[in-house]
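S.K.: Submitted below is the structure of interest, expressed as structure tokens.
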Amino acid sequence: MKFTITKIILAIPFMAFSILAVSQNTGILSGYVRDAKTSETLIGATVQLDGTEIGTVTDLDGFYKITDIPTKSYSVTANFLGYETKSEFNVIVKSAGNAELNFALTESVESLNEVVVRASSIEDIISPLSTQTLSAVEIATYPGGNNDIAKVVQSLPGVGGSIGGFRNDVIIRGGAPNENVYYLDGMEIPNINHFATQGSAGGPVGLLNVSFIETVDLTTSAFNARYDNPLSGVLQFNQRVGNTRKGRTNIRVGASEAAVTGEGPLFKNGKEASNTSFIGSVRRSYLQFLFKAIGLPILPDYWDYQYKVTHKLNDYNEINLLGIGSIDDFRVSVPKDYDASQQATLEQVPIIKQQTNTTGLSWKNRFKDGTGSMLTTLSINQLKNDFTRFTDNVAETGAYFTNNSKETEVKLRYELTRYLGDWILTGGLGVQQAIYENNTANLINNITYRTNLDFVKYGLFAQASRSLMGNRLDVSFGLRTDANTYTTQENQLLETLSPRFSFSYALNPSKTWKFNGSLGRYFKIPTYTVLGFRNNSGMPINEGAKYIRSDHFVAGIEHRLSESARITVEGFYKKYANYPVSTLDNISLANKGGGFEVLGNEEVVSDGQGRTYGLEFLFQQQFTKRYYAIFAYTLFKSEFSDLNGTFRSSAWDSRHLLSLTGGYKFNNNWEVSLRYRFAGKTPFAPVDEAATLESYPAIILDFNRLGDVRFDVYNVADIRIDKKWNFKKVALDVFLEIQNAFASQVPEPPQYGLNRDEMGSVLSPRELVQLPAQRGTVLPTIGFVVDF
């Protein structure tokens, strides 16, 4: 039955061709124009499609609507008297399914000599550097990205992925993958991946639906004080509001899943627009069917869902109900024909059953006098993780490692923003109840325990920002402190005091040249897997674990070549302290978390140190004159200390990260895009063959040799071709993606298995052998997107 439903979904675009007789080459673009500071709508603002005579002005609600637009890509500009002009690039107009295009304009400021100086937005003042923004179009059409936000982010400066490129670990400036935090419309979500590594954040497939996303902001330093726990990055996902005027449906089929998204007004009651709207989606994987059909031994099966309901109480109050979750089931299947590599995979992979859910309610109140706003968010998130390794994965017997755990967090966050003269003041607090239950049996290391934690985390924050010298100089000061009721670290509110300062100085009045810098101290509480670990006697071992500290020093130059092109150069230095170090493996936990495992389920000492430093270069040409291009290069070094205090190259220390992404749009709605990625030789911990033979199918790594051996370089190119059709009430995009287009050899750890004969029987005496490396494989996939 499940497979029949998949067939029906796949047949939808072809049925559309047969029932639609009339094509339509025009579309509609609409949205709102608001003040970026107060969110007040701007009446009479002009919205223009660049290079055309097509445009309009906003009405009494700040709403605009442009009809009869030829279906293709545009740059769209909004302007209003006394405000900075703002342009949005690569806006695709279709015959159906066009999301609202909203603008937030910043007031302009005239200097004494009547030269208009560009004003900075609030977020630009707080985080003037180390920030990148991606639009929904960029994510959806990224070659090799498969509509997966984490994979797209890995092409930005300073950002890399895990070895082999098959996982969604986000490695920022040489830090560990669990050093990042994720926010969805201001609501924190623990992770953004299916089959997530507990204690870390990565997994093989993302769970966020790109059809919801308006923009994604990545900040790699100069963090706003409102965010707790970031050491390397903050990813803020800004979702669209569901259409308040008419219902719409989007169907998306990609390389691994099919998704249906619906949106529209609720309780419209004959009005032109409703005060209540929704957007919701369900996605279902079909990899398990495909893998079984072609004889692969793994069956990754997952569902996910996402929704947002927005209700506008009045012009000054808005309530949002948000939710996202997943159901994951990772099993195995015996291939028909024996293959040594597939047999090893069948024996060694874990069996994973995982569920995640995050639900939140937010209330935003804008003050009627325009002097500020309040945001209150209440949310609950939960992770259930049943992670087991068996001696017999097929029968699921002989468990030698089990981790049955549940993490629950209930969070309340309040934030107040006030505008006092030229100052922008923000302050607030957050309170969390953390509940962690775990039942672990690790027979390899003779560790068995149960744990049940229930404690409170809380934090206070404040930020003050303003522009000086006629808007030539932007400065921001922030302060945060955090504490909890579980760990025994003394004077937590003082020990976690984290000041930060950032500035941006315009070297010329037009702000085409800027010198930016930031200093900051940031803290992160150790993971629940670390805090909840107990010995065989049931005694908590890691109660004394300290908050991990990271000090950032960043400076850079930005040159804006035009409205659509810029160059940035940044240097960074991050210094770590109090990092948990494994007493079992003699290695910093910063080197773990990039595989299918449970991170932190062990005894640690909080005296590890680390340092990462480097130089980033970025050239970005946004879509103009049919093409766009992004070139990013990072030269860096990453190292962390072991139990003896000796610094070693980290598992992320590839030294070089390079990515080149570009695309060209031809006539008749054809588009070709390319992404090329390069990473230098990355250290890895080799297999301890003697220990592995004794414990097989458990693979034992020799972390004492981390840094002694390195992978070959990572060198992969992906190509994507899109063709769009526009019918009277339906828009169709069919795309072909070719991942690893030139069949490059992708570096991966050497694979080991038991020595067997041609029929798969284990030879005696039992012997561990290294299996031949897999050849580089070209992976073509076809997908489509239907809007109606």
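S.K.: Grab the strands (runs of 3 or more DSSP E) fully contained in region 584-664, keeping just those with 2 or more residues being aromatic (F, W, Y) and either in contact with a helix residue (DSSP H, G or I) (Cβ under 7 Å, 6 or more places away or on another chain) or more than 30 Å from I352 (Cα to Cα) (or both).
M.R.: Where strands (runs of 3 or more DSSP E) fall fully within region 584-664 and carry at least 2 residues being aromatic (F, W, Y) and either in contact with a helix residue (DSSP H, G or I) (Cβ under 7 Å, 6 or more places away or on another chain) or more than 30 Å from I352 (Cα to Cα) (or both), they are 604-624, 627-641.
S.K.: Any chance region 385-403 includes a residue that's within 29 Å of A462 (Cβ to Cβ), within 23 Å of the chain's Cα centre (by Cα) and of a type outside the set (V, I, T)?
M.R.: No, region 385-403 contains no residue that is within 29 Å of A462 (Cβ to Cβ), within 23 Å of the chain's Cα centre (by Cα) and of a type outside the set (V, I, T).
S.K.: For region 506-516, give me each residue that is free of Cβ contacts under 8 Å to residues at least 60 places away in the same chain and either buried (at least 21 other Cβ atoms within 10 Å of the Cβ) or not in a loop (DSSP other than H, G, I, E, B) (or both).
M.R.: W513, F515
S.K.: So, in region 450-497, of the ones that are aromatic (F, W, Y), under 20 Å from R549 (Cα atoms) and in a strand (DSSP E or B), which residue ends up farthest from the chain's Cα centre (by Cα)?
M.R.: Step by step, filter region 450-497, then rank; the result is F477.
S.K.: Another one. Would you please list the contacts, defined by Cβ atoms under 6 Å and residues six or more apart or on different chains, that run from a residue in region 323-350 that is assigned to a strand (DSSP E or B) to a residue that is of a type in the set (D, E)?
M.R.: S326/D304; D329/D301
S.K.: Please determine whether any residue of region 261-269 is buried (at least 23 other Cβ atoms within 10 Å of the Cβ) and in contact (Cβ under 8 Å) with a residue 60 or more places away in the chain.
M.R.: no
S.K.: Would you mention how many residues in region 201-223 are crowded, with 24+ Cβ neighbours inside 10 Å, in a loop (DSSP other than H, G, I, E, B) and under 13 Å from the mean Cα position of the chain (by Cα)?
M.R.: Looking only at that region, the number is 7.
S.K.: Are any residues in region 20-79 open to solvent by 20 Å² or more (accessible area, probe 1.4 Å) and under 22 Å from K625 (Cβ atoms), and if so, which ones?
M.R.: Scanning region 20-79 gives N25, Q48, D50, G51, T52, E53, I54, G55, P70, K72, S73, N79.
S.K.: Hey, another quick one. Residues being in contact with a Lys or Arg (Cβ under 8 Å, 6 or more places away or on another chain), part of a loop (DSSP other than H, G, I, E, B) and of a type in the set (S, T, Y): count how many of those fall in region 45-76.
M.R.: Residues meeting the conditions: 1.
S.K.: Further question: Would you call A255 touching a residue at least 12 places away in the same chain (Cβ under 8 Å), open to solvent by 20 Å² or more (accessible area, probe 1.4 Å) and of a type outside the set (D, E)?
M.R.: yes
S.K.: Of all residues in region 355-388, count the ones that are polar (S, T, N, Q) and surrounded by 20 or more Cβ atoms within 10 Å (Cβ to Cβ).
M.R.: 6
S.K.: Next question. Evaluate region 517-537: report whether one residue or more is of a type in the set (D, E, K, R), assigned to a loop (DSSP other than H, G, I, E, B) and surrounded by fewer than 19 Cβ atoms within 10 Å (Cβ to Cβ).
M.R.: No, there is no match, as no residue in region 517-537 is of a type in the set (D, E, K, R), assigned to a loop (DSSP other than H, G, I, E, B) and surrounded by fewer than 19 Cβ atoms within 10 Å (Cβ to Cβ).
S.K.: Does at least one position in region 331-348 carry a residue that is closer than 29 Å to L266 by Cα and either open to solvent by 40 Å² or more (accessible area, probe 1.4 Å) or at pLDDT 95 or above (or both)?
M.R.: no
S.K.: Being farther than 30 Å from V137 by Cβ and not polar (S, T, N, Q) is the filter here, so list the residues in region 653-685 that pass it.
M.R.: D653, R655, G680, K681, P683, F684, A685
S.K.: Continuing with this model, one more query. Are any of the residues in region 549-560 without any contact (Cβ under 8 Å) to a residue 12 or more places away in the chain and open to solvent by 10 Å² or more (accessible area, probe 1.4 Å)?
M.R.: No, the conditions are met nowhere in region 549-560.
S.K.: For region 399-440, how many residues meet the condition of being among the small types (G, A, S), part of a strand (DSSP E or B) and exposed (fewer than 15 other Cβ atoms within 10 Å of the Cβ)?
M.R.: So the count comes out to 1.
S.K.: Kindly provide the set of residues from region 277-298 that are open to solvent by 10 Å² or more (accessible area, probe 1.4 Å), free of Cβ contacts under 8 Å to residues at least 60 places away in the same chain and in a strand (DSSP E or B), ordered by number.
M.R.: If the condition is that a residue be open to solvent by 10 Å² or more (accessible area, probe 1.4 Å), free of Cβ contacts under 8 Å to residues at least 60 places away in the same chain and in a strand (DSSP E or B), then F278, G280, V282, I298 are the ones that fit.
S.K.: I've got another one for you. On the given criteria, is T391 more than 19 Å from T197 (Cβ to Cβ), open to solvent by 20 Å² or more (accessible area, probe 1.4 Å) and touching a residue at least 60 places away in the same chain (Cβ under 8 Å)?
M.R.: Considered against the rule, which asks whether it is more than 19 Å from T197 (Cβ to Cβ), open to solvent by 20 Å² or more (accessible area, probe 1.4 Å) and touching a residue at least 60 places away in the same chain (Cβ under 8 Å), T391 comes out as yes.
S.K.: Among T244, T310, which is the only one that is outside any strand (DSSP E or B), polar (S, T, N, Q) and touching a strand residue (DSSP E or B) at 6+ places or on another chain (Cβ under 8 Å)?
M.R.: After ruling out the rest, the residue left standing is T244.
S.K.: Could you tell me whether region 666-689 includes any residue that is part of a strand (DSSP E or B), β-branched (V, I, T) and within 30 Å of E570 (Cα to Cα)?
M.R.: no
S.K.: Quick one: which residue in Y183, Y227 is open to solvent by less than 20 Å² (accessible area, probe 1.4 Å) and in contact (Cβ under 8 Å) with a residue 12 or more places away in the chain?
M.R.: Selected residue: Y183, the only one of Y183, Y227 that is open to solvent by less than 20 Å² (accessible area, probe 1.4 Å) and in contact (Cβ under 8 Å) with a residue 12 or more places away in the chain.
S.K.: Does G145 count as buried (at least 23 other Cβ atoms within 10 Å of the Cβ), modelled with pLDDT of 80 or more and either β-branched (V, I, T) or outside any strand (DSSP E or B) (or both)?
M.R.: no
S.K.: When you scan region 448-479, how many residues do you find that are open to solvent by less than 20 Å² (accessible area, probe 1.4 Å), closer than 18 Å to R418 by Cα and in contact with a Lys or Arg (Cβ under 9 Å, 6 or more places away or on another chain)?
M.R.: Of the residues in region 448-479, 6 are open to solvent by less than 20 Å² (accessible area, probe 1.4 Å), closer than 18 Å to R418 by Cα and in contact with a Lys or Arg (Cβ under 9 Å, 6 or more places away or on another chain).
S.K.: Another question about this same structure. Considering (1) open to solvent by less than 50 Å² (accessible area, probe 1.4 Å); (2) more than 30 Å from I782 (Cα to Cα); (3) out of contact with any strand residue (DSSP E or B) (no Cβ under 9 Å at 6 or more places or on another chain), say which one E694 fails and leave the rest.
M.R.: (1)
S.K.: Does N491 qualify as being touching a residue at least 40 places away in the same chain (Cβ under 8 Å) and on the phi > 0 side of the Ramachandran plot?
M.R.: Spelling it out, it is not the case that N491 is touching a residue at least 40 places away in the same chain (Cβ under 8 Å) and on the phi > 0 side of the Ramachandran plot.
S.K.: Identify, from the list F640, F636, F623, the residue that is over 21 Å from the mean Cα position of the chain (by Cα), at pLDDT below 95 and surrounded by 18 or more Cβ atoms within 10 Å (Cβ to Cβ).
M.R.: It is F623.
S.K.: So which residues in region 767-778 are loosely packed, with under 11 Cβ neighbours inside 10 Å and either within 18 Å of V687 (Cα to Cα) or touching a Pro at 6+ places or on another chain (Cβ under 6 Å) (or both)?
M.R.: P772, the sole residue that qualifies.
S.K.: A further question on this structure: Can you find a residue in region 273-280 that is modelled with pLDDT under 95 and among the β-branched types (V, I, T)?
M.R.: no
S.K.: Is it the case that region 539-557 has a residue that's of a type in the set (V, I, T), in a strand (DSSP E or B) and within 30 Å of E88 (Cβ to Cβ)?
M.R.: Checking region 539-557: at least one residue is of a type in the set (V, I, T), in a strand (DSSP E or B) and within 30 Å of E88 (Cβ to Cβ).
The values are calculated or read from the model by the stated rules, or taken from the named source; none is laboratory data. Predicted model only: the values in this text are computed from it and were never measured. As a convention, Cβ positions derive from the backbone with ideal geometry for all residues, glycine included, and neighbour counts pool all protein chains shown. Heavy atoms of the whole protein, side chains included, go into the accessibility calculation; ligands, DNA and RNA do not. Shrake-Rupley method; radii C 1.70, N 1.55, O 1.52, S 1.80 Å.
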